[in-house]
Each structure stands twice: as C-alpha cells, then as structure tokens.
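Right, one structure below, let's go through it.
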Amino acid sequence: MTNPINIPVLYLGAKTLYDTVVPIRGKPHIKPIGNRRRQHETIELFDSDKEIYSYKLYDTHVVRLYPNGDVAIHTGGWGSQTTASFISWVTRNRLSGRIFNNKLWVSTYDGHWPMPDDGVVLFKPVFNGGFKLAEPLMVEKRSVDRAAAKEARAPYREFMSFVKTMLTLSDGWIMPDTMESVCPHAPDTRYNSIDHYPNMRTEELLPAILDGEDNYLKVLVNICLRISASDADYLQFMGHTAQKLKYKPENVLSALDRLIFNSEDPYKLDKVQADGTFCRNYV
C-alpha cells in the first residue's frame, strides 16, 4: 500500500493545473488559477530544472511546491489578509493563513507559525495530507527591558502611589460625584441618565501627571474611563441615574504602563525559536 505521505497531492494538483490551464491570449506567461479575469492570481513553473511550481499573487511567488511534497511560503513582505487567504485557498487549507496581531501566520498540523517579511519558510508533508514545519523557525521577540522600564516609570512613581492609595481607600469604587468633579457630564439627559466620558486626549495624560499632583485625580478618572470596570452599579445622582464604577488598581497601573511604554519604548529584541503558539510579541 502506498504511504499517503509520499503522495505529493498539492504538487500534483499544481502540475496538473499548470499543464491544463490555457494562457491569457497575448500573455503566454499568465495562467490564471481560477477566474481568468483575476490575472494577478496565477500558476507558474518557478524552476524548470527542479520542476518547482508556484502559486503567484501579483509579483510574489507566495506558495512554492516541490516534487517531494514540500511546500515553501514566501510573503515578500506582503503580510496582508489577501496573502493569508491566498495561502489557504491554493493549499486547500492544509496550510491555513491568518492575520494575528497585524502579522501573517500559517497554521499547520504542528502549530502556528509567524511568517517573516523576507526569506522562505519550508513545510514538510505528514499523514492525512497535513504539513509540519521543516526546521526550527527563528524570530525576533520583543520583551520589556527591566532596567529601561524602571527608568521610564520613575517620574510617575508618586502618581502610581496615589492610584494605589485612592483605589484601596475606596475599595476600587469611583463615585459619580468624583467623576463629575473632574469630568463634567454632557448636558444631554434625555434618557434620564448621566454618563461620564474622558475629557483629556491620550497624549495629554502623561504631561499632566508630570505637571503636578493637582492633576492626579483628573488623570486617574480619565484613565479609568478608558478601560473596562470590574464592576458597576446604578444610583441616583443630580436627579438622574448614574453609574459608580469599580476598578482594580493593577488594571489601572497596567493602562498607565501602556501609556509610558508607548512614549518611552523600553523594549529589547531577542532572537528566539518560535514554539508553534500565537504570540503578540513577535516582530
């Protein structure tokens, strides 16, 4: 009985397609994969000596198919949803392209793999028509540089202490009167409710902290109104219904960290081996 791993199904499909598709008239090198109007999606003989075929998207040989059944992926720097869908389509979802955290990934039998902007990633066939990564994939991973992060947080230590103290004393609750004192509600009360919204732009928050403790409460409320509360309840306020909101100090401080890190960029890049799981820190 023939081992199914040894049957290069995708390769044979590509070869058959190349041999049978009639080129566009006057353009002998263009053999559309499907709809003949979509001349940017073609099948080509990538290397005639090695009999390697490729599915080409615009000017990029995205999926290359080898006689031994191997498949190589090359994005050419086009890590888009269009490229991801193209990979899934031409490989019949044996290699599934998707976008995660603004990066193109290919999912296979053995995991999920981030595609680099340059170079080729090779996959080998396994049982049931699936594929696995042929060799370890090295990627750059972004992580927080502890020393740089400590230095970046230093100017905001007093405000961080204020956040912890304020939310600890109130058991995490921020009352409508507190919100009203620094973020006055809009005058529209048609629905018999008072809603509070941030009244500072994101880029104003850190400078306001550095301007002094008189701004601490306003900045705290503005940060809280930008993130999800852990609990909420309704009460009567100024003749209308309003919410009191509960926040965990660690969630507020994490939001502050994001503001600081976006401003100061206290990160480092390390070369690591991809482990087959989705990761937001790959670059």
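Assorted remarks:
- Residues satisfying the stated conditions in the range 94-116, i.e. part of a loop (DSSP other than H, G, I, E, B) and in contact with a strand residue (DSSP E or B) (Cβ under 9 Å, 6 or more places away or on another chain): R94, L95, N101, Y109, D110, M115, P116
- Residue satisfying all of: in the range 137-163; touching a residue at least 60 places away in the same chain (Cβ under 8 Å) and of a type in the set (F, W, Y); nearest to Y267 (Cα to Cα) among these: Y156
- Restricting the range 37-64 to residues that are buried (at least 19 other Cβ atoms within 10 Å of the Cβ) and of a type in the set (S, T, Y) leaves a set whose member that is nearest to the chain's Cα centre (by Cα) is Y55.
- Residue match in the range 212-234 (condition: free of Cβ contacts under 8 Å to residues at least 24 places away in the same chain, in contact with a Leu (Cβ under 8 Å, 6 or more places away or on another chain) and either closer than 30 Å to D110 by Cβ or surrounded by fewer than 16 Cβ atoms within 10 Å (Cβ to Cβ) (or both)): yes
- Here P125, P67 are screened, and the one residue that is surrounded by fewer than 19 Cβ atoms within 10 Å (Cβ to Cβ) and either among the aromatic types (F, W, Y) or more than 21 Å from the chain's Cα centre (by Cα) (or both) is P67.
- Filter result for G111 (of a type in the set (G, A, S), touching a helix residue (DSSP H, G or I) at 6+ places or on another chain (Cβ under 9 Å) and surrounded by fewer than 18 Cβ atoms within 10 Å (Cβ to Cβ)): no
- Every pair of residues 6+ apart whose Cβ atoms lie under 7 Å, when the first sits in the range 33-47 and is not assigned by TED's automatic domain parsing to the domain that holds P67 while the second is surrounded by 13 or more Cβ atoms within 10 Å (Cβ to Cβ) and part of a loop (DSSP other than H, G, I, E, B): none
- Hey, M200 assigned by TED's automatic domain parsing to the domain that holds E158, under 29 Å from the mean Cα position of the chain (by Cα), modelled with pLDDT of 95 or more and surrounded by 15 or more Cβ atoms within 10 Å (Cβ to Cβ) or not: yes
- Considering only residues in the range 46-78 that are in a strand (DSSP E or B) and among the small types (G, A, S), the one that is nearest to I30 (Cα to Cα) turns out to be S54.
- Single condition A152 does not satisfy, out of (1) more than 29 Å from the chain's Cα centre (by Cα); (2) surrounded by 18 or more Cβ atoms within 10 Å (Cβ to Cβ): (1)
- Put simply, of Y216, Y191 the only residue that is among the aromatic types (F, W, Y) and at pLDDT 95 or above is Y216.
- Among residues of the range 164-193, those that are among the small types (G, A, S), in contact (Cβ under 8 Å) with a residue 12 or more places away in the chain and farther than 17 Å from A232 by Cβ, counted: 1
Condition check ((1) under 11 Å from S143 (Cβ atoms); (2) modelled with pLDDT under 95; (3) surrounded by 12 or more Cβ atoms within 10 Å (Cβ to Cβ); (4) not assigned by TED's automatic domain parsing to the domain that holds Y109) across all residues:
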{"position": "T241", "(1), (2), (3), (4)": "no, yes, yes, yes"}
{"position": "Y247", "(1), (2), (3), (4)": "no, no, yes, yes"}
{"position": "V252", "(1), (2), (3), (4)": "no, no, yes, yes"}
{"position": "D257", "(1), (2), (3), (4)": "no, no, yes, yes"}
{"position": "Q273", "(1), (2), (3), (4)": "no, no, no, yes"}
{"position": "T277", "(1), (2), (3), (4)": "no, no, no, yes"}
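- All of (1) in a loop (DSSP other than H, G, I, E, B); (2) surrounded by 14 or more Cβ atoms within 10 Å (Cβ to Cβ) hold for G119 with one exception: (2).
The values are calculated or read from the model by the stated rules, or taken from the named source; none is laboratory data. Keep in mind it's a predicted model, so treat the numbers as computed, not measured. Every residue, glycine among them, receives a Cβ derived from its backbone with ideal geometry; neighbour counts consider all protein chains shown.
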